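First comes the structure, then the notes that go with it.
The values are calculated or read from the model by the stated rules, or taken from the named source; none is laboratory data. These numbers were taken from a predicted model, which means no experiment stands behind them. Cβ placement follows ideal geometry from the backbone for every residue including glycine, while neighbour counts extend to all protein chains displayed.
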Amino acid sequence: MKISHHLLSVTLAIGSAMVWSAPATAGDLTHFSAINQTEFLGLSKDLAAVTSTKAMTPAAPLGISGFDVSASSAMTKIQDGSAWAKVSGSSETNVMQTKLSVSKGLAGGWDVGAFMSRVPSSNVSMAGVDVKYALVEGNSILPAMALRGSYSRMGGVSDMGLSNTGLDLLISKGFVGFTPYAGVGTVYSSAKATGLNDEHFTQSKSFVGLSWNVLFANLCAEYERTGQNSTLGLKAGVRF
């Protein structure tokens with residue numbers, strides 16, 4: 001029990017550090033009059049890669065008594081740095097986001113989750129929900145497979161709105177505490193900004209990750225590619 005409590009304390013400390021100690025990486029998004037329609041599309045695709053759901057979980061369901069509570073930090077490589085610089089005044093090409101999330105297992109192989117996130121030193125925030133259904137729950141021989149639907153919305157930017165709807169197919173296989181997983185999906189995004197035409201676009205998504213459980217503690221690392229944007233994330237929390 002002492003080991004369990006120690007691991008829990010360390011995991012939560014790591015998660016809190018990731019959320020509150022992230023470096024400043026972006027300025028406020030305010031100067032939309034400085035970009036044209038093509039640049040707005042590029043900016044919107046970058047923001048969709050940042051704000052779309054990154055659940056960072058394997059395919060196997062949590063089960064009816066299961067919970068996953070975590071803090072995570074992710075870095076996304078911006079593709080249209082010129083548009084970002086014009087709107088934000090920042091020349092940074094790597095955008096950090098920090099996130100708090102929770103997932104709950106339900107009966108029948110269903111999981112539901114929600115998150116709140118922000119980009120440090122900017123006016124960009126986001127929130128979202130996701131639902132996952134286990135097509136195959138997995139066992140000692142078979143891998144788990146699941147479908148996940150998600151929705152997220154950007155907040156904090158008064159002159160721009162952005163929402164993302166995602167659908168992913170996941171596969172994972174546990175090996176004595178370690179669970180590698182991978183998936184592919186699609187993200188449909190809708191963006192609008194003052195003085196510019198609305199943009200609607202779809203981007204492909206792929207990701208690989210590794211989840212590590214010790215008692216109730218959980219660490220996870222994931223690499224994701226949405227459209228042309230690459231994201232590397234690290235998560236720490238409690239999963240049981």
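In this structure, is A127 surrounded by 15 or more Cβ atoms within 10 Å (Cβ to Cβ) and more than 15 Å from the chain's Cα centre (by Cα)? Judged against the criteria, A127 is not a match.
Condition check ((1) part of a helix (DSSP H, G or I); (2) more than 23 Å from the chain's Cα centre (by Cα); (3) modelled with pLDDT of 50 or more) across all residues:
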| residue | (1), (2), (3) |
| --- | --- |
| L7 | yes, yes, no |
| L12 | yes, no, no |
| A17 | yes, no, no |
| A22 | no, no, no |
| D28 | no, no, yes |
| E39 | yes, yes, yes |
| G42 | yes, no, yes |
| K45 | yes, no, yes |
| A48 | yes, no, yes |
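Would you call S172 touching a Pro at 6+ places or on another chain (Cβ under 8 Å) and surrounded by fewer than 22 Cβ atoms within 10 Å (Cβ to Cβ)? Answer is yes for this residue.
Would you mind stating whether S70 is under 22 Å from C220 (Cα atoms) and modelled with pLDDT of 95 or more? Criteria met by S70. Return yes or no: is L162 under 18 Å from the mean Cα position of the chain (by Cα), more than 22 Å from I64 (Cβ to Cβ), among the aliphatic types (A, V, I, L, M) and assigned to a strand (DSSP E or B)? Against the criterion (under 18 Å from the mean Cα position of the chain (by Cα), more than 22 Å from I64 (Cβ to Cβ), among the aliphatic types (A, V, I, L, M) and assigned to a strand (DSSP E or B)), L162 qualifies. Considering the range 213-229, and only residues there that are modelled with pLDDT of 95 or more and among the hydrophobic types (A, V, I, L, M, F, W, C), the residue that is nearest to Q79 (Cα to Cα) turns out to be A221. A search for C-beta distances below 9 Å between a residue of the range 95-114 that is aromatic (F, W, Y) and any residue that is buried (at least 19 other Cβ atoms within 10 Å of the Cβ), counting only pairs 6+ apart in sequence or on different chains, returns W110/P61; W110/K132; W110/A134. Scanning the range 146-174 for residues that are closer than 15 Å to A191 by Cα and among the basic types (K, R) turns up just one, R153.
Would you say S52 is among the polar types (S, T, N, Q), closer than 22 Å to F178 by Cα and modelled with pLDDT of 95 or more? So S52 does not fit the description; no. Considering the range 187-240, the residues that are β-branched (V, I, T) and in a strand (DSSP E or B) include one that is farthest from S101 (Cα to Cα), namely T202.
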